[in-house]
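Worksheet: the structure to be examined is printed underneath.
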Amino acid sequence: MKNKFGMKRLVSFLLLVAFFCQIFPLFAVDQYYRFPEQSVKGFVDFEKKRKLCLFPFRSSHKEEKFSYLSKGLPSVLFSDLRNLEYIYIEHPHPQIVYHSFGKNPEKTLQEKLDAESSGKKKKKRDIQNLDDLADLRAGRKNLKPEKDPRYIKLELKQIFEIKPPFFEDVYSLASKYECDFTLTGEFTATDLDLKLDAELFDEYEGKTLKFSHQTSFVRAYQEMAPLGEKIRKSLQGKETTTVQIETSGAESSLVYIDGVYLGKTPLLDKKFPIGKRELFVFLEGHAPYKQTIHLESGKSFYLDIKLNQIKNTASLSVTSEEEDADVYLGVQFLGKTPLENVAIPTGMNRLRVSKEGFVDSFRPVDAKEGELSRFHVTLRPGKSSIYYPNKQNVFLDHTYKDFATYSMYGSLLFYAGYLYFNYAGNKAIEAARPQVTWVNTAAFQAALSGNPDQFWMWYAYQKSIIDPAESKRDHYKDLAGTLPMENRRNRQLVGGVMVVGIGLMFVSAITFFALGLDEESFDIGFLPSKQPAGGVYSSNANGVFMPDSYSYFQYNLRF
């Protein structure tokens, strides 16, 4: 009885030891990663975009001759609303909430990673939680619309492939097409006038705003602007003011506020949300103008800007195999080839040489003060509209990028063959192994000394099993080859059909990738930086304006 009781104690002790042996590694991992000491501050990710869907409008009379208005009227409203870059939502919805944990959460996970990563660009989040958002509302913080979560990008989508919906259907339509706003309506048309009732439904708030507009039938499309302005104002969600910008002596300048294109100068009676904004005005051949402005409630904003013309202090000469080709610098026409010593502004730009019946040729220009840039261009016969969209095509509509991808897939197929033939060779050896009894030297010597008369018969039998298996394995190995990582002898590459195929596919992929790099198409732009106070650039002794950064270009690599 005592022995039995003692055995139970021993077994229990062994079980406890085994249990703690499994627990100890957990303590080690916990201490290694210092989980109890970790503290991370939470943050909130707010919504970035909302979508407005426009549906066909209903006809109250359903006369066939007015049916085209069902899609035409929302299309006109779409044109009025499409340059609405942002909408203002006072209480944006959090998409993802990361909660804080630990004893002393002071930094977010991204801030910790930035602190540990030296020499890398930091990813700063201006609004990290609801408290920061409250500071924005209270005016203790000021941010540009692209960083302020209350300014949300608006995406417009026309959905005209369905029948004109009734207002009762907006809930299901918003869910089906993932719309945050829906615009539906009903119109009554006669030969003299047109009446339109539009319904703007906000899926988030569950609210509906209704708008009415009446106009003459003849000028219905042209007189739809007041209705578009009402809908636009309700979507903007914030009080707006009138903006007027003029550029004396430099008309048709491009005007942007907070990165939103408003139009060309003279800019009259444009509405924009109030607040602190960034104004940017640009005209080819002039120094760009940038200034911080304040749009106030109840006050229209007017500004007359004097853009300073950049003097042409660099020179350009262009010749071509085909004479009388048109030469453009950016969008400015310089003349016809041959061109000699034409004055151009300094900075990076794009040269285009064009002639009827030939493909346009593009060249990057880095014009420097007092220097002459020379170009000799050979034009190829053809049409630019056909050549450039199909320039990357290798066979039919398959591009260099496609063939690079196909080559990578081909390398995977060869690698699958490599694995299969290695497996088949090993399987051939494994299949013969149970039939072989002489597996070591001792068994071989025992058979030789035990019965010498039967030794050679058994030896021939064993060899008849081993030789075909090894021959089969070697055949598969010749097909597969050996990669360096699997060559245990000298870590060298052993050629085989599959290994060679993998190498050829990799070389083909790299070759097609290199051929697909298109250096002939690139973007030209202007990026001023370190704008001086008042938005006016200073000039040097020669009267040449010297912005810190005036223009740039970047290659559009097809990949």
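The values are calculated or read from the model by the stated rules, or taken from the named source; none is laboratory data. The structure presented is a predicted model; accordingly, all values stated were derived computationally and were not measured. Here Cβ is always computed from backbone atoms with ideal geometry, including for glycine, and neighbour counts include all displayed protein chains.
Some points to look at:
- Here Y261 meets each of (1) surrounded by fewer than 19 Cβ atoms within 10 Å (Cβ to Cβ); (2) in contact (Cβ under 8 Å) with a residue 60 or more places away in the chain; (3) part of a loop (DSSP other than H, G, I, E, B) with one exception, condition (3).
- Residues satisfying the criterion are present in the range 64-86 (criterion: assigned to a strand (DSSP E or B), assigned by TED's automatic domain parsing to the domain that holds E161 and farther than 30 Å from L192 by Cα).
For every residue, the table says whether it meets (1) in contact with a helix residue (DSSP H, G or I) (Cβ under 6 Å, 6 or more places away or on another chain); (2) surrounded by 14 or more Cβ atoms within 10 Å (Cβ to Cβ); (3) outside the structural domain of F66 (by TED's automatic domain parsing).
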| residue | (1), (2), (3) |
| --- | --- |
| T182 | yes, yes, no |
| L196 | no, yes, no |
| K207 | no, no, no |
| Q214 | no, no, no |
| R219 | no, no, no |
| G228 | yes, yes, no |
| I231 | no, yes, no |
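- Scanning the range 237-257 for residues that are among the β-branched types (V, I, T) and surrounded by 15 or more Cβ atoms within 10 Å (Cβ to Cβ), we see that the one that is farthest from L307 (Cα to Cα) is T240.
- Residue that is modelled with the highest pLDDT, among those in the range 387-430 that are under 27 Å from the mean Cα position of the chain (by Cα) and exposed (fewer than 14 other Cβ atoms within 10 Å of the Cβ): Y409
- Some residue of the range 223-233 being among the small types (G, A, S) and in contact with a strand residue (DSSP E or B) (Cβ under 8 Å, 6 or more places away or on another chain): no
- In the range 326-343, the residues that are among the β-branched types (V, I, T) and exposed (fewer than 14 other Cβ atoms within 10 Å of the Cβ): V331
- At least 1 residues being in contact with a His (Cβ under 6 Å, 6 or more places away or on another chain) is the threshold, and among the strands (runs of 3 or more DSSP E) wholly inside the range 293-358 those reaching it are 314-320.
- Cβ-Cβ contacts under 8 Å between residues 6 or more apart (or on different chains), taken from a first residue in the range 414-435 that is in contact (Cβ under 8 Å) with a residue 12 or more places away in the chain to a second residue that is of a type in the set (S, T, Y), are listed as F421/Y476; N422/Y476; A424/Y476; G425/Y476; A428/Y476.
- The number of residues in the range 276-314 that are of a type in the set (S, T, Y), modelled with pLDDT under 85 and exposed (fewer than 15 other Cβ atoms within 10 Å of the Cβ) comes to 1.
- Number of residues in the range 64-91 that are farther than 24 Å from P273 by Cα and buried (at least 19 other Cβ atoms within 10 Å of the Cβ): the value is 5.
- Residue in the range 318-325 that is under 33 Å from the mean Cα position of the chain (by Cα) and not assigned by TED's automatic domain parsing to the domain that holds L143 present: no
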